[in-house]
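> Right, I'll just put the structure down here and ask away after.
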Amino acid sequence: GELTNMICGGAKALLVDNGFDLDLTTPEVISDIGHNIEHKSSAKILMLPFSSEAGTFYVEVSFQKKS
């Protein structure tokens, strides 16, 4: 969970510094076999896979314009 917060916080800071006006939803950590994720946005989703000695994990992100 803390890793997700660090990634999102860093990404938000970089994007805001480059002129983007954005809001982020609270990151969620889900660890279960056979789970179903429902995103709050209908935008396309980018899934980034990571591997470590502890196992594989994925970070999913999506961006949607403010209405």
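> With angles folded into 0 to 90 degrees, how steeply does helix 2-17 sit against the dominant principal axis of the chain? Use alpha carbons for both and round to 10.
For 2-17 against the chain, the angle is about 20 degrees.
> Something else: Where does each of Phe63, Phe20, Phe50 land when they are ordered by accessible area, with a 1.4 Å probe and the largest first? Display every interim value, and only then the final one.
On the way: Phe63 150, Phe20 120, Phe50 85 Å².
In descending accessible area the options line up as Phe63, Phe20, Phe50.
> Roughly speaking, what is the centre-to-centre gap between segment 48-64 and segment 14-41 when only Cα atoms are used, to the nearest Å?
12
> What FRET efficiency comes out for the pair Glu2/Lys66, r = Cβ-Cβ distance, R0 = 22 Å, nearest 0.05? Before the final figure, lay out the partial values.
Details: r = 28 Å, r/R0 = 1.25.
For Glu2 and Lys66, the calculated efficiency is 0.20.
> About the Cα centre of segment 22-67, what is the dipole size in debye to 20, counting +1 per Lys and Arg Cβ and -1 per Asp and Glu Cβ, all else neutral? Could you put the intermediate results ahead of the total?
Numbers: 4 positive and 6 negative charges, 73 e Å.
So the magnitude is around 340 debye.
> Let me ask you something else. Find which of Phe50, Thr25, His35 sits farthest along the positive direction of the dipole of the chain, computed with +1 on the beta-carbon of Lys and Arg, -1 on that of Asp and Glu, about the Cα centre.
So the residue we want is Thr25.
> Taking a 1.4 Å probe, which of Val61, Val29, Val16 shows the most accessible area, and what order do the others take after it?
Values: Val61 50, Val29 95, Val16 70 Å².
Ranked list, largest accessible area first: Val29, Val16, Val61.
> Enumerate by residue number the GluC sites (Glu not before Pro) in segment 5-67 meeting two conditions: DSSP loop (anything except H, G, I, E, B), and at most 15 other Cβ atoms within 10 Å of the site's Cβ.
Details: sites: Glu28, Glu38, Glu53, Glu60; in loops: Glu28, Glu38, Glu53.
Loop-located and lightly packed - Glu28, Glu38, Glu53.
> Could you give me D for the chain, from Stokes-Einstein at 20 °C and 1.002 mPa s, where the hydrodynamic radius is the Kirkwood radius over C-alpha pairs? Units µm² s⁻¹, please. Please report the intermediate quantities before stating the final value.
On the way: Rh = 13.7 Å.
Estimated diffusion coefficient is 157 µm²/s.
> Let me ask another. Using a probe radius of 1.4 Å on heavy atoms only, what accessible surface per residue do you get for the chain? Whole Å² is fine.
Heavy-atom accessible area per residue stands at 91 Å².
> Report the trypsin sites (Lys or Arg not before Pro) located in the chain that are in a DSSP loop and have at most 13 other Cβ atoms inside 10 Å of their Cβ, or state none. Before the final figure, lay out the partial values.
Numbers: sites: Lys12, Lys40, Lys44, Lys65, Lys66; in loops: Lys40, Lys44, Lys65, Lys66.
Sparse-neighbourhood loop trypsin sites (Lys or Arg not before Pro): Lys40, Lys44, Lys65, Lys66.
> For the chain, what % of the accessible area comes from carbon and sulfur atoms, probe 1.4 Å? If you can, show how the numbers build up before the last one.
Details: 3400 of 6120 Å².
Using a 1.4 Å probe with all protein chains present, the chain comes out at 55 percent carbon and sulfur.
> Once you have the Cα-Cα distance between Lys12 and Glu53, take 0.36 nm times their residue separation minus that, and quote the gain in nm to one decimal.
On the way: separation 41, 0.36 × 41 = 14.76 nm, distance 2.80 nm.
Residue separation times 0.36 nm, minus the Cα-Cα distance, leaves 12.0 nm.
The values are calculated or read from the model by the stated rules, or taken from the named source; none is laboratory data. Because the structure is predicted, anything quoted here is derived from the model rather than measured. Quick reminder, even Gly has a Cβ in these numbers, built from the backbone with ideal geometry, and neighbours come from all protein chains shown. Heads up: the accessible areas ignore ligands, DNA and RNA and are worked out on the full protein's heavy atoms, side chains in. Shrake-Rupley method; radii C 1.70, N 1.55, O 1.52, S 1.80 Å.
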